[in-house]
Each structure stands twice: as structure tokens, then as C-alpha cells.
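Notes follow the structure.
Please treat every number below as a calculation from the coordinates, not as lab data. Since we're looking at a predicted model, the values are computed, not measured. Using ideal geometry, Cβ is built from the backbone for each residue, glycine included, and neighbour counts are taken over all protein chains shown.
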Amino acid sequence: MVVAVLVAGEVAFWVLLGAGLVARYLLRLRRLSTVLLVSVPLVDLALLVATVVDLRRGGTARGVHGLAAAYLGFSVAFGSSLVRWADQRFAHRFAGGPPPWRPPRGGWARARYEWREWGKGMIGWAVACALLGAGIRYVGDAARTEALRDWIGRLSVAMGIWLVAFPVWATLFPSRAGAETPDRAGAETPDRVGSESLTGDPGKPRIGGRD
């Protein structure tokens, strides 16, 4: 059941996101688009409920339960950024919005960007591990929750690799090419300028940033 809900949730996420952007920029139905975009997080809630129900029925935790927790955690951390990313590109292509923001190519600006993204990843890691820990405690059977403990280890290793491969590397070896200068949109950061397009006049999109 969890596998089916996970696949359905991924499909529903993109369907709701796409429908919300079409309603906003092509159909000019701002209220409908807002309802659709706000409904996106409900997909994660449905996945959480399905996972809890499956375990409550006495099922043994499997890898897919851990994947569901990871999906939920990183959706919390990156969901709004992903919506801004899609909104930017859709508005640029279909509504005359400015070119999408892109991250700095190098220098300390790139290092700051990588640290910020890794920080979001750590939020996702923390949420996922909290859900996994809650599942372990809820089931109360070490033999049935081994897969959940394994996922905590996998996510921790993944975050360690991310740390070394991106923010640490960018800090120790900042590239001189494009240092301190993003590709577009000046020196503004994606978090500062990413929300206007979702709240402004759909006829005159004002798009902020997100890589």
C-alpha cells in the first residue's frame, strides 16, 4: 500500500503544481491557482497517514517506509523552493516574466549558496530522522523496525557526503570565474526574491529567484 501511495503522491504533487501554474498564468484564475498550490503539502500528509496506518496494522517496516519518511522530510525542506523554481520558469516561458534566477558560478557567493542549500538539506534530514525515530518508538519492536534504523544511517551518510562534496569544497576551492556574481538577477538571493510571483498580479508577473 505504501508503495502505491508513494507513487501516487509523487504524481499528485506534479499534477497539482502544474495545474496551479496553468490556472495562474494561462487561465488567469488566481484564486483557483492559490487553492491548487496550497493543496500541494496535503500530498505529504496523505503519505504520512498511509505509512502510519500500515504500521498500525502490524506490518513490518520496510525500505519503502524509510523512503516515505525521507520524502516527507525533504519535501518540508525543499517543497517551497521547488514551487518557486517551477513558478519562475513557467512565468518566463508563458507569461513574459524575466529570465529565471541562477546560482552564482563561483567564488564566495557560490560557497554561501552551497552552505544555504546544505542547511535546508539538514532540515529535511532532521524531519526525516524525527519521523523515523517516532516510527521506531511507535512500533516498539526492534526486529520490525530495522529498516527504519538503516534509513537513519543512510541519510546521515548522504548528508556527510553532500557536506564535503559541495559546501566544504566550494569554501576551500572557490572558483575565480564568476566570483561573487550570480548569472542573472544581480546579487539577490532566492529566498529574498522568490515569493512575489505567487502573490502578485498574474498579468504582470514579478519573478524572484530560485536556482
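A few comments on the model shown:
- Using θ = phi - 60° and Karplus 6.51 cos²θ - 1.76 cosθ + 1.60, couplings along the range 141-152 (whole Hz; Gly, Pro as x): 9, 4, 5, 8, 10, 4, 5, 5, 5, 4, 5, 4
- Across every direction, the projection of the convex hull enclosing the Cα atoms of the range 59-148 has a mean area of 7.8 nm².
- Cleavage-rule hits (chymotrypsin sites (Phe, Trp or Tyr not before Pro)) in the range 130-175: DSSP loop, at most 16 neighbouring Cβ within 10 angstrom: none
- Size descriptors for the range 1-67, from the alpha-carbon set: Rg then Dmax equal 15.0, 48 Å.
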